[in-house]
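The values are calculated or read from the model by the stated rules, or taken from the named source; none is laboratory data. Since we're looking at a predicted model, the values are computed, not measured. Cβ placement follows ideal geometry from the backbone for every residue including glycine, while neighbour counts extend to all protein chains displayed. We work out accessible area using only protein heavy atoms, side chains counted, and drop any ligands, DNA or RNA first. Shrake-Rupley method; radii C 1.70, N 1.55, O 1.52, S 1.80 Å.
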Amino acid sequence: MIINSFPPSGGSGVQRPLKFLKYSCHAGWEVHAIVPKKPTNTIIDYSLLAEIPAEAHIHKVRGLGIKTPEYAKITSTCFEETTPQNPIERQFWRLIKFFNDLLFPIDKQIGWVPFATHKAIQLIKKHNIKNVYITASPYSSFLTGIHLKKKFGNKIFWIADYRDPWQFAIYMKKKILPFRQRYIEKMDEKVLTTCDMAVFVSDSDRNNYTQKYPWLESKSCTITNGYDEEDFKDVNPVKFSYPTLFY
């Protein structure tokens, strides 16, 4: 498993791969997970460390990825409702966004990819690993899968787990620069043609892709997000006399 968003990093993107790791171990798989040595975003949740199974082999890899905040002001300039009102500030952030898109057309974790790829090659050879699970975002992690398939071919089975659609992401429909849009579409298609199975979190995400790439129908599936029953085992039920939303 190659997981860039991993505890103690927090946030929504950590939950899904962490549960895949947890229940793969519970199902009897020998799991080797390649993760960053340091958190990749500014949200930290040390409580998630307790959910990592003791039998999982966690390989922490250094890299040159750039830590990013959960809320990125650069990205927010794509949307009318969060664009700065001051014209000078607005032009400044648009300029910053241009250079951001130019330097990081995929994402800022691209500097972690070579190190993760090198470690993956070592582990596949040493442990005769057959199955490779890579989750995104960040989508640069998928570049590792492309390289591994090129090196090992059918000796490995690569699952690309799309926690969010790449080229169909909501911000793509706003103001992303055309050159970056074309590059992302090209790289996204390469991921889909190279992987052995693409997994999406919703049927609507999968349908967007299969409508554009009909050949993807036979090698894709949907595994929705859900909840972990163990998180609720000590919760006592509360009864209400009238309809109630409880969070």
Within the stretch 49-69, does at least one residue satisfy the condition of being modelled with pLDDT of 70 or more, part of a helix (DSSP H, G or I) and surrounded by 16 or more Cβ atoms within 10 Å (Cβ to Cβ)? yes
Counting only residues that are of a type in the set (K, R), give me the helices (runs of 4 or more DSSP H) lying completely in the stretch 122-215 with at least 3 of them. 141-152, 178-194
Could you run through the stretch 149-167 and say how many residues are aromatic (F, W, Y) and surrounded by fewer than 17 Cβ atoms within 10 Å (Cβ to Cβ)? 1
Under 9 Å between Cβ atoms, which residue pairs at least 6 apart in sequence (or on different chains) link something in the stretch 220-235 that is closer than 19 Å to C195 by Cβ with a partner that is open to solvent by 90 Å² or more (accessible area, probe 1.4 Å) and assigned to a helix (DSSP H, G or I)? T222/D203
Filtering the stretch 110-148 down to residues that are open to solvent by less than 30 Å² (accessible area, probe 1.4 Å) and in contact with an Asp or Glu (Cβ under 8 Å, 6 or more places away or on another chain) yields Y133, I134, T135, A136, P138, Y139, S140
State yes or no: is K38 open to solvent by 10 Å² or more (accessible area, probe 1.4 Å), assigned to a helix (DSSP H, G or I) and charged (D, E, K, R)? no
Of the criteria (1) crowded, with 16+ Cβ neighbours inside 10 Å; (2) of a type in the set (S, T, N, Q); (3) modelled with pLDDT under 95; (4) outside any loop (DSSP other than H, G, I, E, B), which one S24 fails: (3)
L21 touching a strand residue (DSSP E or B) at 6+ places or on another chain (Cβ under 9 Å) and closer than 24 Å to I121 by Cα: yes
Does E189 satisfy the condition of being among the acidic types (D, E) and at pLDDT below 95? no
Of all residues being open to solvent by 30 Å² or more (accessible area, probe 1.4 Å) and not aromatic (F, W, Y) in the stretch 9-21, which is modelled with the lowest pLDDT? Just the residue, please. S12
